[in-house]
1. Given a cut-off of under 8 Å on Cα pairs at least six residues apart, what relative contact order in percent is computed for region 2-147?
2. Could you work out the percent of alpha carbon pairs in the chain separated by over 24 Å, rounded to a whole number?
3. When the chain is treated as a GNM, springs tying every alpha-carbon pair under 10 Å, which of 124, 76, 39 comes out with the largest mean-square fluctuation?
4. As a quick test, which of the pairs 85/106; 47/101; 11/69; 47/136 have an alpha carbon distance above 32 angstrom in this structure?
5. Between 119, 52, 42, find the one with the highest GNM mean-square fluctuation for the chain; connect C-alpha pairs within less than 10 Å.
6. Using a Gaussian network model on the chain with a 10 Å cutoff between Cα atoms, which of 13, 111, 31 fluctuates the most?
7. To two decimal places, what compactness ratio does region 1-45 give when its Cα radius of gyration is scaled by 2.2 N^0.38 Å?
8. Mind giving me the nanometre distance, one decimal, between the label points for residue 118 and residue 39, set 7 Å out from Cα along Cα→Cβ?
Amino acid sequence: MFIDPFGMQVKWPTIECIARTKAIDMWLLFPLGIGVSRLLKNNGQIKESWKNKLDDIFGTKDWFNEFYKMTIEENLFGKAERLSKDVDFERISSFFIKRLKMVFNKVSERPAKLINSKNNPLFLLCFAAGNPVGAKTAVKIADNLLRGI
């Protein structure tokens with residue numbers, strides 16, 4: 001199955017349903033830079049509707065603790081806690097691949113980054129194998145294809 005979502009329309013339960021079939025291999029165009037990264041504000045002050053979108057796409061609220069850290073800074077008034085973004089495209093990619101591994105038999109660990117003219121990642125092209133019998137071979141083939149992108 002090839003899933004090319006419009007923005008962040010594919011919710012995690014859809015991915016889980018595909019994985020549960022144990023019969024479908026999935027190619028997914030994940031909106032890395034064009035969707036997810038744009039919603040992650042540097043100060044962690046993310047609109048509730050955007051948080052819900054991120055919860056939907058990752059299937060968990062754990063992304064917040066994975067992508068943000070609390071630091072203590074000294075200023076003129078003493079010490080102050082500050083929440084800040086602590087994630088890059090690689091860590092977002094790794095987090096999503098880790099999530100896919102939780103539901104699929106085998107997942108390519110080297111998704112292709114599809115970039116724009118300024119070398120910024122727009123999408124990740126991910127592959128996940130649902131069929132346990134052919135998963136190893138399917139991922140090996142997918143890895144070879146992804147390497148060429």
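Values in this text are rule-based calculations from the coordinates and carry no lab data. The shown structure was predicted, so the numbers you read here are calculated from the model rather than taken from an experiment. Ideal geometry is used to build each Cβ from the backbone, glycine not excepted, and the neighbour counts take in all protein chains shown.
1. 30 percent
2. So the portion of pairs separated by more than 24 Å is 37 percent.
3. Judging by the Gaussian network model, the answer is 76.
4. Listed pairs above 32 Å: 47/136.
5. 119
6. In the Gaussian network model the winner is 13.
7. Relative to the rule-of-thumb radius for its length, region 1-45 sits at 1.40.
8. Modelled inter-label distance: 2.2 nm.
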